[in-house]
Amino acid sequence: MARSRWVARMISATLSPALISSAIAVAVFTIPQSASAAPVTYQSEDATVSQGVVESNHTGYTGSGFVNFDNLTGSYVEYAVNAASAGSHSLTFRFANGTTANRPVNVTVNGTPVVSGLSFPGTGAWTTWQTVTTNVTLAAGTNRIRTTATTSNGGPNADSLTVDVAGEEPPPGPGDTPVAINGQLHVCGTKLCNERNQPIQLRGMSTHGIQWFSQCVKSQSLDALANDWNADIFRISMYIQEGGYETNPRKFTDMVHGYIEEATKRGMYALVDWHQLSPGDPNHNTARAKTFFTEIAQRHKNKKNIIYDIANEPNGVSWANVKRYAEELIPVIRAQDPDGVVFVGTHGWSTFGISDGKSETEVFNNPINASNFMYTFHFYAASHKDNYYNALSRIADRVPVFVTEFGTQTASGDGGNDFTMSQRYIDLMAQKKIGWTNWNFSDDSRSGAVFKPGTCAGTSFTGTGVLKPAGVWVRDRIRTPDNFQSASP
Ligand code: GCU
């Protein structure tokens, strides 16, 4: 997966179809190979089971079934794992837990406790399988890896264990995905930095409201976004009102879980957008936000690509009240995911109050009391000209800021495009490394929806033929090489 876009780019840029297979062969053989064996998967149904049964009544397992631990403390599954050499290995457990309670297990290697209370949180359904990974030291030869339930609920349903040599990933190259190159992000001064502490700019797209346009979020459109558009980041826009989350929290939370997994598979950052809008006071939805973000953060905390966008566009509300909301929400997320970056919208529809006729200094003078977060700013280039442009430029020099929404048209997301003004913003954001996600990745009739109406009913999303003018324009601006991709193939 990690190198697919390099291969794809190289093929489309330089080679005729007849040469594609030899190009793939060359690409594969030039990748540095580790001396170690490939990851090996051990099926739970082949392992030693104490107080548990092999079953196959929930779909989605691999092999011929899974182990259902008896619901009691002490039930276990023990895998006989062969390690080619001694040293650190990653253990990846595939599991399902259809309850909402964590089912922790203790892990022993050859009888020695190595991990206590490894978490197996609820996956949403017994047919929804996820993985959890931990690193342990193995001896050369056979190792007995035992997972023992520590609560009276027993363990999760256990599908398999995959063992790999840890820490032997080749260093990132120009063909790797944005997440493979940058890893876990953090805020460094006024910038977003990668795990090597380099400031980076992320560029990508926001969905339209997923209650209306989920048909535009499917494997073919996401493949296009990752591999044709070369997007770094995918914003998942989940409205709260207007037919969104509040109407069916379980359904919308599960949709977001699924979209996060899809972004992750493709190596993109997943920006989870709590799209509060009407009412504009985020405090109206605090209880809902706590429930939602607790589950999202708990489920995905071990991923490196999750960013939490906790207030889309506060409006008709004071800065002090937005700050109060943020200071209540951020600790709730951090309790689950201590290193997750959080984005916070600002008053005046995420303009630092500019659209309320105020000045950004209100935020500077009364900053959110938290760390590892960024403020957000929105603009629509045909409506918001020098006043907003100059404000964004000043803001970026003072505090961390990310543009989680912008359009080349008017503030309604419709009307004529102002590509000249839009380009000025693009240049400013590139120069100051301000990350952005454009509104929006749908086939809505308005000019700011990138696809022509009807596109999402089909399966073709690559190229420019399916795009409106704003889509052609913004795709070109996402496709240009990332500043974190040091060399091009
Ligand atoms: C249900 C489910 C099982 C699961 C069990 C449990 O019975 O069908 O697959 O193992 O719950 O709570 O452990």
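The values are calculated or read from the model by the stated rules, or taken from the named source; none is laboratory data. Just so we're clear, the structure is a prediction, and the values are computed from it rather than from any experiment. Cβ sites come from the backbone with ideal geometry, for glycine too, and all protein chains shown count toward neighbours. Calculation scope for accessible area: heavy atoms of the full protein, side chains included, ligands and nucleic acids excluded. Shrake-Rupley method; radii C 1.70, N 1.55, O 1.52, S 1.80 Å.
Mind checking the dipole of region 381-489: about its Cα centre, +1 per Lys or Arg Cβ, -1 per Asp or Glu Cβ, Debye to the nearest 20?
160 debye
Can you give the extra length, in nm with one decimal, that the chain gains between THR112 and TYR389 once fully stretched, where that is 0.36 nm per residue apart less the Cα-Cα distance?
93.7 nm
Could you report the chain's accessible area per residue, 1.4 Å probe, as an integer in Å²?
39 Å²
Alpha carbon centre of region 92-112 versus region 35-77: separation in Å?
Centre-to-centre (Cα) distance: 11 Å.
Where the accessible area of the chain is counted over protein heavy atoms with a 1.4 Å probe, how much of it, in %, is carbon and sulfur?
52 percent
Arrange the peptides 275-287, 306-318 so that the one whose residues have, on average, the most other Cβ atoms within 10 Å appears first. Walk me through the intermediate numbers first.
Values: 275-287: 18.6, 306-318: 23.0.
Top of the packing list down: 306-318, 275-287.
I want the local charge near ALA149. Using Cβ-Cβ distances under 14 Å, sum +1 for each Lys or Arg and -1 for each Asp or Glu among the other residues.
Surrounding charge for ALA149 is 0.
Taking the Cα centre of region 40-165 as origin and charging only Cβ (+1 Lys, Arg; -1 Asp, Glu), how large is the dipole, in debye to the nearest 20?
240 debye
Students often forget the sequence filter, so: which aspartates and glutamates lie under 18 Å Cα-Cα from LYS433 once same-chain residues fewer than 8 apart are removed?
GLU195, ASP232, ASP397, GLU405, ASP476, ASP482
How high is the FRET efficiency from GLU246 to SER64, r the C-beta distance, R0 35 Å, rounded to 0.05?
The value I calculate is 0.25.
Defining a contact as two alpha carbons under 8 Å apart and six or more residues distant in sequence, what relative contact order in percent does the chain show?
Over the chain, the number comes to 13 percent.
Over the alpha-carbon set of the chain, divide Rg by the Kirkwood Rh and report the Rg/Rh ratio to two decimals.
With Rh from the inverse mean 1/r over Cα pairs, Rg/Rh is 0.99.
If you take the beta carbon distance between SER119 and SER56 as r and set R0 to 30 Å, what does 1/(1 + (r/R0)^6) give as a FRET efficiency, to the nearest 0.05?
Plugging the Cβ-Cβ distance into 1/(1 + (r/R0)^6) gives 0.75.
Given R₀ = 51 Å, FRET efficiency for ARG144-ALA370 by Cβ-Cβ distance, to 0.05?
That pair, ARG144 with ALA370, gives E of 0.70.
May I ask what percent, to the nearest 5, of DSSP beta bridges between residues of the chain are antiparallel?
Bridges in the chain that DSSP calls antiparallel: roughly 65 percent.
Put +1 on the Cβ of each Lys and Arg and -1 on the Cβ of each Asp and Glu in the chain; which of PRO279, VAL77, PRO367 then has its Cα farthest toward the positive end of the dipole?
PRO367
Go ahead and estimate [θ] at 222 nm for the chain from helices alone: -39,500 (n - 2.57) per DSSP H run with n ≥ 4, summed, over the residue count, rounded to 500. Working shown, then result.
Details: 12 runs with 128 residues, N = 489.
Computed ellipticity for the chain at 222 nm equals -8000 deg cm²/dmol.
Take the alpha carbon atoms of region 185-214, find their center, do the same for region 418-489, and report the distance between the two centers in whole angstrom.
15 Å
Hey, got the dipole for the chain? About the Cα centre, +1 on K and R Cβ, -1 on D and E Cβ, debye to the nearest 20?
The dipole of the chain has a size of about 560 debye.
Given contacts defined as C-alpha pairs under 8 Å and at least six residues apart, what's the relative contact order of region 40-165, whole-number percent?
It rounds to 39 percent for region 40-165.
Among the listed pairs LYS218/LYS385; LYS304/LYS358; LYS191/LYS251; LYS191/LYS303; LYS191/LYS304; LYS385/LYS468, give every one whose C-alpha distance is greater than 28 Å.
LYS218/LYS385; LYS304/LYS358; LYS191/LYS251
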